[in-house]
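Taking it in order: structure first as structure tokens, then the write-up.
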Amino acid sequence: MSVYREYPPLFITLWIIAGICSLVAVLLSFYLIYKHLRNYTCPDLQKFIIRILIMVPIYSTDSWLSLRFVNISIYFDLLRDCYEAFALYSFFGLIVSYVEKDFDVVDLLHSKEPMSHPFPLQFLPKIKLGRRFLTHCRRFVLQFVFVKPLIAIVSVILEITDYYGEGEFRPDRGYLWLTIIENISVGLSLYYLVLYYQAMKDELKPFKPFGKFLCIKSVIFFAFWQGIIISFLAYINVITAGGGWTINNISTALQDFITCAEMLLVAIGHHFFFSYKEYRDYNKTPFLYDKKTKTFFNNPSGTITPIIKNFFTATSVSDVIADTKESFILPLMRPDDAAHRIKDEEKNLLNINDEDNLITNNNNNNNNNNNNNNNNNNNQNSQQPTNQHTTTIKNVNITMEYQWMID
């Protein structure tokens, strides 16, 4: 009953609607996650899919709690902000792993022509594809995984010390500067994600990545920019205080309500773009995946143990640690090794191209020689009937002369 006394009736209505949207979104997501865990036949891809699907329950629950406890919503948003970056990295890992199923990514990139930047940066020098390009993509996507949580932690500290000023575009408040840093970080991350997609668009066509990318980008894009727009509307007094609520309370509540509604749409979209049906294998259901031996073994269908173990396998962050080590730590510790590795790959690629050119030239020479031999044979064959005709005429003349002498 205290809820009804503390909050106005309109808020109660919005809170109930947001709760219904969040509940349906969570149930839809849990069902799809369960189906992927039960049909965990392609761990290299499905672990990233499951991480992406978990984003909806986290966002829905966090936004609904933030809507209920408006004054402490910034603390709930800490988990959401951290997972947002992890979900973006998971999508990058998903599209890289998809190409790795059929190709060596580095060799494939080396075989491609230099690529232009997308609009409106097409005037920049073309991008040379190879290991260096892949490393840059991984670094710029991965940096958001560390920058976003750091911004969230700093925001909490500034809020405690009254220096955050949410929605206030003032140079003496942290909100303005943290917003600029976050915008740069997420912009670079999305840009290099698009660059990798553009470089591998032919190989990714069977995967139909556009809808999947739209699900990820829409969550990150709307979560960030709708917060900026609402804060700006409050800053120019379009959104005003009322009913005992401050402008910041109203702005935060409005953003959380919109997020709850959006998560329902995203959860529905996940069932279309991240379906479990393509991974269903009746020969392996129910089963458990052993990540050490990379094999499957059967389990009773009624037990929940396979689901739990597959869940912990999918949500392990060991690949994030490995990529961080390879992308940031090792190049700093041994920069010469990374440079030599790239040079050796480029040198090997040049040698392979030279060998291919040599083989092509030899084949062309052999084809030319064969064509010349065929022409000679044709000339000889064309001369043989003439000789035979001449011989026949001579025989006929001799026979006629001999017959005349007899007569």
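Within the group Glu100, Glu113, Glu166, Glu159, which residue is open to solvent by 80 Å² or more (accessible area, probe 1.4 Å), touching a helix residue (DSSP H, G or I) at 6+ places or on another chain (Cβ under 8 Å) and among the acidic types (Asp, Glu)?
On the way: Glu113 fails: touching a helix residue (DSSP H, G or I) at 6+ places or on another chain (Cβ under 8 Å); Glu166 fails: open to solvent by 80 Å² or more (accessible area, probe 1.4 Å); Glu159 fails: open to solvent by 80 Å² or more (accessible area, probe 1.4 Å).
Going through Glu100, Glu113, Glu166, Glu159 in turn, just one is open to solvent by 80 Å² or more (accessible area, probe 1.4 Å), touching a helix residue (DSSP H, G or I) at 6+ places or on another chain (Cβ under 8 Å) and among the acidic types (Asp, Glu): Glu100.
Open to solvent by less than 30 Å² (accessible area, probe 1.4 Å), hydrophobic (A, V, I, L, M, F, W, C) and at pLDDT below 85 - does that describe any residue in region 325-333? Write out each step before concluding.
Going through region 325-333, the residues open to solvent by less than 30 Å² (accessible area, probe 1.4 Å) turn out to be 327, 331.
Right, trim to hydrophobic (A, V, I, L, M, F, W, C) and you get none.
Within region 325-333, not a single residue is open to solvent by less than 30 Å² (accessible area, probe 1.4 Å), hydrophobic (A, V, I, L, M, F, W, C) and at pLDDT below 85.
Filter region 155-175 down to residues that are hydrophobic (A, V, I, L, M, F, W, C) and free of Cβ contacts under 8 Å to residues at least 40 places away in the same chain and give me whichever is nearest to Ile228 (Cα to Cα).
If we take residues in region 155-175 being hydrophobic (A, V, I, L, M, F, W, C) and free of Cβ contacts under 8 Å to residues at least 40 places away in the same chain, then Leu158 is nearest to Ile228 (Cα to Cα).
Which numbered condition trips up Ser73, out of (1) open to solvent by less than 50 Å² (accessible area, probe 1.4 Å); (2) under 23 Å from Tyr279 (Cα atoms); (3) of a type outside the set (Phe, Trp, Tyr)?
Against the list (1) open to solvent by less than 50 Å² (accessible area, probe 1.4 Å); (2) under 23 Å from Tyr279 (Cα atoms); (3) of a type outside the set (Phe, Trp, Tyr), Ser73 comes up short only on (2).
Out of all the residues in region 176-217, which are without any contact (Cβ under 8 Å) to a residue 12 or more places away in the chain, within 18 Å of Ile228 (Cβ to Cβ) and not aliphatic (A, V, I, L, M)?
Trp177, Gly187
Can you run down the residue pairs with Cβ atoms below 8 Å, 6 or more apart or on separate chains, where the first is in region 243-254 and modelled with pLDDT under 80 and the partner is assigned to a helix (DSSP H, G or I) and open to solvent by 30 Å² or more (accessible area, probe 1.4 Å)?
Short answer, once both residue conditions are applied: Asn249/Asn71.
For Pro125, indicate whether it is touching a strand residue (DSSP E or B) at 6+ places or on another chain (Cβ under 8 Å) and either of a type in the set (Phe, Trp, Tyr) or open to solvent by 20 Å² or more (accessible area, probe 1.4 Å) (or both). Outline the logic, then answer.
Working: touching a strand residue (DSSP E or B) at 6+ places or on another chain (Cβ under 8 Å): no; either of a type in the set (Phe, Trp, Tyr) or open to solvent by 20 Å² or more (accessible area, probe 1.4 Å) (or both): yes.
When the stated conditions are applied, Pro125 does not pass them.
Checking the condition modelled with pLDDT under 95, out of contact with any strand residue (DSSP E or B) (no Cβ under 6 Å at 6 or more places or on another chain) and open to solvent by 30 Å² or more (accessible area, probe 1.4 Å), which residue from Arg68, Arg80 passes? Outline the logic, then answer.
Working: Arg80 fails: open to solvent by 30 Å² or more (accessible area, probe 1.4 Å).
Testing whether each residue is modelled with pLDDT under 95, out of contact with any strand residue (DSSP E or B) (no Cβ under 6 Å at 6 or more places or on another chain) and open to solvent by 30 Å² or more (accessible area, probe 1.4 Å) leaves just Arg68.
For region 218-232, state whether one or more residues are in contact with a Phe, Trp or Tyr (Cβ under 9 Å, 6 or more places away or on another chain), closer than 21 Å to Leu94 by Cβ, among the hydroxyl-bearing types (Ser, Thr, Tyr) and surrounded by 15 or more Cβ atoms within 10 Å (Cβ to Cβ).
Residues of region 218-232 in contact with a Phe, Trp or Tyr (Cβ under 9 Å, 6 or more places away or on another chain): 219, 223, 231-232.
Then keep just the ones that are closer than 21 Å to Leu94 by Cβ; that gives 219, 223.
Remaining after also requiring among the hydroxyl-bearing types (Ser, Thr, Tyr): none.
Looking through region 218-232, none of the residues is in contact with a Phe, Trp or Tyr (Cβ under 9 Å, 6 or more places away or on another chain), closer than 21 Å to Leu94 by Cβ, among the hydroxyl-bearing types (Ser, Thr, Tyr) and surrounded by 15 or more Cβ atoms within 10 Å (Cβ to Cβ).
Quick one: count up the residues across region 292-324 that are open to solvent by 80 Å² or more (accessible area, probe 1.4 Å) and either within 22 Å of Leu142 (Cβ to Cβ) or at pLDDT 85 or above (or both).
Counting residues in region 292-324 that are open to solvent by 80 Å² or more (accessible area, probe 1.4 Å) and either within 22 Å of Leu142 (Cβ to Cβ) or at pLDDT 85 or above (or both) gives 2.
Considering each residue of region 191-203, count those that are open to solvent by less than 30 Å² (accessible area, probe 1.4 Å) and either among the charged types (D, E, K, R) or within 20 Å of Cys82 (Cα to Cα) (or both), and give that number.
1
Going by the conditions given, is Leu94 over 27 Å from Asp62 (Cα atoms), open to solvent by less than 10 Å² (accessible area, probe 1.4 Å) and either in a loop (DSSP other than H, G, I, E, B) or in contact (Cβ under 8 Å) with a residue 40 or more places away in the chain (or both)?
Working: over 27 Å from Asp62 (Cα atoms): no; open to solvent by less than 10 Å² (accessible area, probe 1.4 Å): yes; either in a loop (DSSP other than H, G, I, E, B) or in contact (Cβ under 8 Å) with a residue 40 or more places away in the chain (or both): yes.
No, not satisfied.
Answer yes or no as to whether Glu182 is touching a helix residue (DSSP H, G or I) at 6+ places or on another chain (Cβ under 6 Å), open to solvent by 50 Å² or more (accessible area, probe 1.4 Å) and either part of a helix (DSSP H, G or I) or among the aromatic types (Phe, Trp, Tyr) (or both). Please lay out each step first, then the result.
On the way: touching a helix residue (DSSP H, G or I) at 6+ places or on another chain (Cβ under 6 Å): yes; open to solvent by 50 Å² or more (accessible area, probe 1.4 Å): no; either part of a helix (DSSP H, G or I) or among the aromatic types (Phe, Trp, Tyr) (or both): yes.
No; evaluated as a whole, the condition is false for this residue.
The values are calculated or read from the model by the stated rules, or taken from the named source; none is laboratory data. Since we're looking at a predicted model, the values are computed, not measured. For neighbour counting, all protein chains shown are included, and Cβ atoms are generated from backbone atoms with ideal geometry for every residue, glycine included. SASA here: full protein model, heavy atoms, side chains in, ligands and nucleic acids out. Shrake-Rupley method; radii C 1.70, N 1.55, O 1.52, S 1.80 Å.
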